Amino acid sequence: MTWQAGAELAELSFSVTRADLVRYAGAAGDFNPIHWSERVARSVGLPGVIAHGMYTMALAGRALTEWVRDPAAVVSFGTRFARPVEVPDDDVGTTVRVGGRVLSVRDGLATLSLTVTSGDAKVLGATEAVVRC
Amino acid sequence: MSLGTGLVGRTFPPTDPYLVSREKIAEFNLAIGAAPVGGGSTAPLTFPIVVAFPAMAALLADPDAGIELEHVLHRDQRFEQVRPVRAGDRLTATLTVDSVRSLAGVDLVSTRTEVDTTDGEHVVTAYATLVHRDGGP
């Protein structure tokens, strides 16, 4: 894959439902009830059930993998959990969008910046990956 | 009560070996909606959390650490990988507390978890910062 500084990466969009969160809880072994119980989520001051931060990061990782094709090319991948992704109890859920841009290319390594949003909110911050090119 | 600096530099014992199966990779891929990579034997990028999470849980459960679970938030996460996790890997996770910083009533606990095969091959390092809010009145 050839990378050029400033190049935009094709935005990908993912839907997230309550069922996805339950499935992810099992797959990741993270059963914190704020990710499946409205009652517990509200009791700790959240607006409702929220996605695991690591689930949202996994969606960003999916986009990254589609862009780089080969996950072995990824040297580092990091993010900050900026805002919770609230997931309503319906069949539609919510949408997470992942865009990206090549920040720099140097010494065989490209640094990518990812933009991860849900609605108008930037839900992940400082999301960057370094990939071999 | 803020966390003591006695935590800094502390390394917890490695987690019990975890054998990565194609079935577990498929389950994780299905959960995040990802297509199989490497014929289904290459794990997705954030998969190492499956192995690192129990190491973090051990830190949170440690009575000497003084961390109260209900006051913890995951602030950030970064993976530095030598290679992706693959089916057949037998992995352990070893967590070290790199730093504890106090900031406006919260403690930022920065951790580094080395994920290695039981043959001693280093596969990935998972860095996480946990925010611990003051639980006192």
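Nothing in this text is a laboratory measurement; each read-out follows from the coordinates by a stated rule. Keep in mind that what you see is a predicted model, and the values were worked out from it rather than measured. Don't worry about glycine lacking a Cβ; one is built from the backbone with ideal geometry, like all the others, and counts go over all protein chains shown.
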Alpha-carbon radius of gyration plus Dmax, which is the widest Cα pair, for region B:93-137 in Å: 14.1, 48
Per-pair calculated FRET efficiency, R0 = 22 Å: A:LEU46 and B:ASP62 via Cβ, rounded to 0.05: 0.25
Projected area, mean over directions - chain A, Cα convex hull, nm²: 8.2
Overall dimensions of region B:63-137 as given by Cα atoms, namely Rg and Dmax in Å: 15.0, 49
Gyration tensor (Cα) of chain B, equivalent ellipsoid semi-axes in angstrom: 30, 16, 12
Fraction of alpha-carbon pairs over 29 Å apart in the protein assembly as shown - percent: 31
Kirkwood Rh, angstrom, region A:37-83 [1 / mean 1/r, Cα pairs]: 12.6
Shielding by partners - mean other protein chain Cβ count within 10 Å, residues of A:24-34: 4
Average beta carbon contacts from partner chains per residue of B:118-131, 10 Å cutoff: 1
Alpha-carbon centroids, region B:72-132 and region A:36-71: separation in whole Å: 18
Solution diffusion estimate, µm²/s, Stokes-Einstein, region B:1-64, Kirkwood Rh from C-alpha pairs, 20 °C, viscosity 1.002 mPa s: 152
Stretchable slack from B:ALA26 to B:GLU80, in nm (0.36 nm times residue separation minus alpha-carbon distance): 17.2 nm
For the protein assembly as shown, size of Cβ-based charge dipole, Lys and Arg +1, Asp and Glu -1, in debye: 440
Cα coordinate range in region A:1-65, projected on the principal axes (Å, largest first): 48, 23, 16
Counted charge near B:ARG10, where neighbours are those whose Cβ lies closer than 13 Å (Asp, Glu -1; Lys, Arg +1): -2
Average beta-carbon neighbours from other chains, 10 Å sphere, peptide B:46-55: 4
Stokes-Einstein D in µm²/s, Kirkwood radius over Cα pairs - region B:47-87 at 37 °C with 0.692 mPa s viscosity: 270
Projected label distance in nm at B:VAL131 and A:ASP120, using a 7 Å step from Cα toward the beta-carbon: 2.2
Whole-Hz ³J(HN,Hα) from phi, Karplus 6.51 cos²θ - 1.76 cosθ + 1.60, for region A:61-74, glycine and proline x: x, 5, 4, 4, 5, 5, 6, 8, 6, 10, x, 5, 6, 7
